[in-house]
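The values are calculated or read from the model by the stated rules, or taken from the named source; none is laboratory data. As the structure is a prediction and not an experimental result, all values here were calculated from the model. Quick reminder, even Gly has a Cβ in these numbers, built from the backbone with ideal geometry, and neighbours come from all protein chains shown.
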Protein chains: 2
Amino acid sequence: MSHQSSLRYAIIGTGAIGGYYGARLQRSGCEVHFLLNSDYDWVKTHGLRVASVHGNFELNDVNAYCDAAQMPEIDVAIIALKTTQNNQLSRLLPTLSEDGVILSLQNGYDVEADISAHLKENGVSVPTILGGLCFIGTNKVAPGCIVHTDYGHIMLGAYHKTGQRCSPTPLMRQISADFAHANVEVQAMDDLPMARWKKLVWNVPYNGLSVVLNATTDVMMADAGVRSLITTLMQEVVTVANAWGESVSPGESRSIAADIVENMLAHTETMGPYQTSMKLDYERGRSLEIEAILGNPIRTATQIGIPVPAMTMLYQQLHFLNRTNTHQ
Amino acid sequence: MSHQSSLRYAIIGTGAIGGYYGARLQRSGCEVHFLLNSDYDWVKTHGLRVASVHGNFELNDVNAYCDAAQMPEIDVAIIALKTTQNNQLSRLLPTLSEDGVILSLQNGYDVEADISAHLKENGVSVPTILGGLCFIGTNKVAPGCIVHTDYGHIMLGAYHKTGQRCSPTPLMRQISADFAHANVEVQAMDDLPMARWKKLVWNVPYNGLSVVLNATTDVMMADAGVRSLITTLMQEVVTVANAWGESVSPGESRSIAADIVENMLAHTETMGPYQTSMKLDYERGRSLEIEAILGNPIRTATQIGIPVPAMTMLYQQLHFLNRTNTHQ
């Protein structure tokens, strides 16, 4: 079946996530432009290598850039930086076409609002911002070399500053089709913020505690006290999420089902020893995504008057460990 | 001024605390019998060395034992073990004289109740139990070698299972006089449990967080978030302590003054880089005193219906770190 995309993509941050999805899109025939930093020279010369559970492939020739200003006009700028780098986005963003959009494939809550605020502050006009939640195990093991171990699907939604639901647009369907053609399942949805809250139910306890306790998921799950603490943290996230849903959309029952906690605990037990992304960042001496994963939801909780003592304590501990990180 | 004590002392656990106070008592003329474990051979041969801010001294000949059953009848059995070893006390306790007492110089809350319960469970008749809070900086740097760096005074009170105040007894005054003669200030008091609560206001946050955050007190105090977390933990302890005081002695205003938090924060800032005892234990691969310092107060909080979310989370984290401690 032939598929010719009319969209031009940019990958802003060609790491584990950006490199994987960008390579898939290019391999399927899309025009993709990759912004790189430390890996620029290697990728400019050698291209990208993907070792995937769905089969390995190489792209010997990619459009590599170290300067966003050199990129052509872009329709979909995929942000795959760490959220800790979003405060540099105004200089990392290429010129967008008239209906061009930003698609953030980042972890956390309200990252679209952060991006919007940052662009405004820097005098950049704010385009439509989409958010994509990636359910994937992928790792950059060397410059331009991506190892894809698990899953890969994306849940795609549009950001609106009021937090309201947004129906999928024709452009979102076009993006979904491009990804589908590239062997990536993309599910367009109308409730991006609630999907982000649901992902936080996992990310808050496991990412956070994996750094504080220096442990993989299986070791944490084997300890009754930590399992109880994980449950407490999950329940705090669910409580805030549901209160937020009610505050934004009163009476719409826009909420997370209560069994999500039980289901996520059970699912995590099937995962075996798993290093969270935050623990990998910590061990590599990188800044931790504390604000996107904990700071933003805590601030929302404060605004709507929901106490989150465990999340707050975890946030304070992580900030300290991030600041005093002596790894590397 | 001459002073002849009629009391015979045993030191159960000749470490930093037991070694220091026992050596002072013997040097001033008291009859002291020391129970040792790993240091027995060295101390039996060489005695004890104390390098103190008040002047160095050596005791070349001490009564050293590796078996409590070999000790003579004792009037005051000073327990200076880590609280984690209290579950072995029934075999570490010498025979007591008719009015003989136990004096626990241990950290934490309700350690006297734990000792009492343990002895009962093991069919040992329970003597009067006294508790002493040691305000001291001391460290065992080698077998039988104690370095005393700061302070040294003790607050001494009697334990009663109901938690009521207990007026100092003649025996307590005699012990105080022996210590005073040995150049150790001992203040007899009538409210041992509330004094233990007050000490917890410091021990809970600093001991606990120093392990979780792998930090000395000065580094923690320099971080605004951790300082806020320390304050939260201190306030939880004060709230439980006051609720406990009201539950045990209604209407007696048996409570901790609100300015204790501010005062302890200010005092800690004057201390410079300080390694807590729990952090030292952690680094030496020893069991952490989690139950005495956090478990017992949390159980009391639960009994009287006071939520302690930060203490609970710290407790869960410490148990995990204690169990997975890879130091040494």
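Taking only pairs six or more apart or across chains, which ones have beta-carbon atoms under 8 Å, a first residue in the stretch A:63-78 that is small (Gly, Ala, Ser), and a second residue that is in a helix (DSSP H, G or I) and surrounded by fewer than 14 Cβ atoms within 10 Å (Cβ to Cβ)?
Here the result reads A:Ala68/A:Arg91, each pair linking the stretch A:63-78 to a residue that is in a helix (DSSP H, G or I) and surrounded by fewer than 14 Cβ atoms within 10 Å (Cβ to Cβ).
Hey, among A:Ser52, A:Ser28, which residue is closer than 15 Å to A:Val141 by Cα and touching a helix residue (DSSP H, G or I) at 6+ places or on another chain (Cβ under 9 Å)? Reasoning before the result, please.
Numbers: A:Ser28 fails: closer than 15 Å to A:Val141 by Cα.
After ruling out the rest, the residue left standing is A:Ser52.
State the number of residues belonging to the stretch A:90-147 that are more than 20 Å from A:Ile74 (Cβ to Cβ) and more than 17 Å from the chain's Cα centre (by Cα).
8
So B:Gly225 clears everything in (1) within 14 Å of chain A (Cβ to nearest Cβ); (2) under 21 Å from the mean Cα position of the chain (by Cα) except one condition, right? Which one?
Only one criterion is unmet by B:Gly225, namely (2).
Can you tell me which residues in the stretch B:229-240 are within 14 Å of chain A (Cβ to nearest Cβ), closer than 10 Å to B:Val201 by Cα and either not in a helix (DSSP H, G or I) or not polar (S, T, N, Q) (or both)?
B:Ile230, B:Leu233, B:Met234, B:Glu236
Can you tell me which residues in the stretch B:171-195 are assigned to a loop (DSSP other than H, G, I, E, B), among the charged types (D, E, K, R) and closer than 15 Å to B:His153 by Cβ? It would help to see each step written out before you state the result.
Let us first name the residues in the stretch B:171-195 that are assigned to a loop (DSSP other than H, G, I, E, B), namely B:182-185, B:189-191.
Imposing the further condition that a residue be among the charged types (D, E, K, R) reduces the set to B:185, B:190-191.
Across the stretch B:171-195, the qualifying residue is only B:Glu185.
Can you name the residue in the stretch B:196-216 that is in contact with a Leu (Cβ under 8 Å, 6 or more places away or on another chain) and part of a helix (DSSP H, G or I) and, of all such residues, is farthest from the other protein chains (Cβ to nearest Cβ)?
Only one residue fits best here, namely B:Arg196.
Could we say that B:Thr300 is in contact (Cβ under 8 Å) with a residue 40 or more places away in the chain, hydroxyl-bearing (Ser, Thr, Tyr) and within 15 Å of B:Leu213 (Cβ to Cβ) here? Can you show your working first?
Numbers: in contact (Cβ under 8 Å) with a residue 40 or more places away in the chain: yes; hydroxyl-bearing (Ser, Thr, Tyr): yes; within 15 Å of B:Leu213 (Cβ to Cβ): no.
Criteria not met by B:Thr300.
Looking only at the stretch A:241-272, how many residues end up being among the acidic types (Asp, Glu) and assigned to a helix (DSSP H, G or I)?
Initial filter on the stretch A:241-272 (among the acidic types (Asp, Glu)): A:246, A:252, A:259, A:262, A:269.
Add one more test, that the residue is assigned to a helix (DSSP H, G or I), and what stays is A:246, A:262, A:269.
So the count comes out to 3.
For residues that are farther than 21 Å from A:Gly152 by Cβ, part of a helix (DSSP H, G or I) and β-branched (Val, Ile, Thr), tally how many sit in the stretch A:109-125.
Filtering the stretch A:109-125 down to residues farther than 21 Å from A:Gly152 by Cβ leaves A:109-110, A:112-125.
Next, from what is left, pick out any that are part of a helix (DSSP H, G or I): A:112-121.
If we keep only those that are β-branched (Val, Ile, Thr) too, we end up with A:115.
Final tally of qualifying residues: 1.
So which of A:Met234, A:Met194 is within 22 Å of the chain's Cα centre (by Cα), aliphatic (A, V, I, L, M) and farther than 30 Å from B:Asn322 by Cα? Steps first, please.
Numbers: A:Met234 fails: farther than 30 Å from B:Asn322 by Cα.
Just a single option satisfies the conditions, and that option is A:Met194.
Among the candidates A:Val219, A:Val226, which residue alone is of a type in the set (A, V, I, L, M, F, W, C), touching a residue at least 40 places away in the same chain (Cβ under 8 Å), part of a helix (DSSP H, G or I) and farther than 26 Å from A:Ala113 by Cα?
Numbers: A:Val226 fails: touching a residue at least 40 places away in the same chain (Cβ under 8 Å).
When all the criteria are applied, what remains is A:Val219.
Results for (1) closer than 21 Å to A:Thr216 by Cβ; (2) within 14 Å of chain B (Cβ to nearest Cβ); (3) surrounded by 14 or more Cβ atoms within 10 Å (Cβ to Cβ), shown as yes or no for each residue.
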residue	(1), (2), (3)
A:Asp259	no, no, no
A:Thr268	yes, no, yes
A:Ser277	yes, no, yes
A:Ile298	no, yes, yes
A:Val308	no, yes, yes
A:Gln317	yes, yes, yes
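What is the one condition in (1) within 26 Å of A:Met278 (Cβ to Cβ); (2) free of Cβ contacts under 8 Å to residues at least 12 places away in the same chain; (3) in contact with a Ser or Thr (Cβ under 7 Å, 6 or more places away or on another chain) that A:Val126 does not satisfy?
(1)
Here are A:Ser287, A:Ser247: which of them is within 19 Å of A:Gly163 (Cβ to Cβ) and either surrounded by fewer than 18 Cβ atoms within 10 Å (Cβ to Cβ) or within 14 Å of chain B (Cβ to nearest Cβ) (or both)?
Numbers: A:Ser287 fails: within 19 Å of A:Gly163 (Cβ to Cβ).
Among A:Ser287, A:Ser247, only A:Ser247 is within 19 Å of A:Gly163 (Cβ to Cβ) and either surrounded by fewer than 18 Cβ atoms within 10 Å (Cβ to Cβ) or within 14 Å of chain B (Cβ to nearest Cβ) (or both).
Is there a residue being modelled with pLDDT of 95 or more and more than 20 Å from the chain's Cα centre (by Cα) anywhere in the stretch A:281-301?
Among the residues of the stretch A:281-301, at least one is modelled with pLDDT of 95 or more and more than 20 Å from the chain's Cα centre (by Cα), which makes the answer yes.
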